[in-house]
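Quick notes on the structure that follows.
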Amino acid sequence: MAKESSLTLDRGLALLQAVADSDTEAPTISDLAATIGASRAAVYRLLVPLQSRGLVRREGSKVRLGLGLLQLAAKVAPQLRVAALPALRELAEAVGATAHLTVADGDEAQAIAVVEPSWTTYHVAYRVGTRHPLHKGAAGKAIALRTPEPGWVGTIGELQPGAYGIAAPVRGVPDLRASVGVVTFEPLDGALVGPKVVHAAALIAESLR
């Protein structure tokens, strides 16, 4: 019974993924059946609980994602924030700079968690929700970083005149495009700060697995 329930859950998730992967034209019941390797009758059965929770909606024979997914998505950022705060706090205190977790949202980078150092005379005020293009600033560039070495990106004055930033990608978490970084008005020693940022990114990745 447990194995049968697991298989049903797996097929339901595969069905939801198939609907999500159809970015433009909504798939039909037949399309979905072919994609997940099930009969049309099985697809109809699998759609029932997904529809009841608002995760999908039917328009005749076509299926689209439902607004219920927005409610689930709204829970992601707070959970990421909670997971990231300990490592960000440690990083901010160690470097004496504002530390942040930034995620990709389309072609923009958005800060979803920020921790300011407690012992500095002044620091950069960086608000949760701040957005900027992915191609500007250390946080955005780190998200796009593909090579493993040096593992971090440094920028000067790209988002705010006189501001120095170092960021590293969060790697190893499926479907998460994110970076961890620090920003300050004082010059940063990349050889010293870079590895600290990489370590914080690794800690956050571990907490999310």
Selection from THR8, HIS199, GLN71, by position along the positive dipole direction of the chain (Cβ): THR8
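Report the full-extension gain for the segment LEU7 to ARG177: residue separation times 0.36 nm, less the Cα-Cα distance, to one decimal in nm.
Computed gain between LEU7 and ARG177 is 58.3 nm.
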For region 44-106, alpha-carbon Rg relative to the globular expectation (2.2 N^0.38 Å, N residues): 1.78
Span from the region 1-62 Cα centroid across to the region 106-142 one, whole angstrom: 38 Å
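May I ask you to give the solvent-accessible area per residue for the chain, in square angstrom, as obtained with a 1.4 angstrom probe?
56 Å²
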Gain upon complete extension [ASP23, ASP105; 0.36 nm per residue less C-alpha separation]: 27.9 nm
The chain - Kirkwood radius from inverse mean 1/r over Cα pairs (Å): 19.1 Å
Gained length - TRP119 relative to ARG45, 0.36 nm times residue gap less alpha-carbon distance: 20.8 nm
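Are there trypsin sites (Lys or Arg not before Pro) in region 75-132 that DSSP puts in a loop and that have at most 14 other Cβ atoms within 10 Å, and which ones?
Filter output for region 75-132: LYS75, ARG127.
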Dipole magnitude (debye, nearest 20) for the chain, charges at Cβ of Lys, Arg, Asp, Glu: 740 debye
Helix-only [θ]222 nm of the chain, DSSP H runs n ≥ 4, -39500 (n - 2.57) each, per residue, nearest 500: -14500 deg cm²/dmol
Prolate/oblate/rounded label for region 82-205 (Cα gyration tensor, a/c 1.5): rounded
Charge dipole (debye, nearest 20) of region 1-95; +1 at Cβ of Lys and Arg, -1 at Cβ of Asp and Glu: 400 debye
Acute angle (nearest 10 degrees) that the helix 40-52 long axis makes with the longest principal axis of the chain, alpha-carbon atoms: 50 degrees
Angle in degrees between helix 190-208 and the longest Cα principal axis of the chain, rounded to the nearest 10: 30 degrees
Solvent-accessible area, 1.4 Å probe, carbon plus sulfur percent, for region 7-78: 58 percent
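The values are calculated or read from the model by the stated rules, or taken from the named source; none is laboratory data. Bear in mind the structure is a predicted one, so any value in this text is a computation, not a measurement. Neighbour counts are summed over all protein chains in view; Cβ atoms, including those assigned to glycine, are modelled from backbone coordinates with ideal geometry. Surface areas here come from the heavy atoms of the whole protein model, side chains and all, with no ligands, DNA or RNA. Shrake-Rupley method; radii C 1.70, N 1.55, O 1.52, S 1.80 Å.
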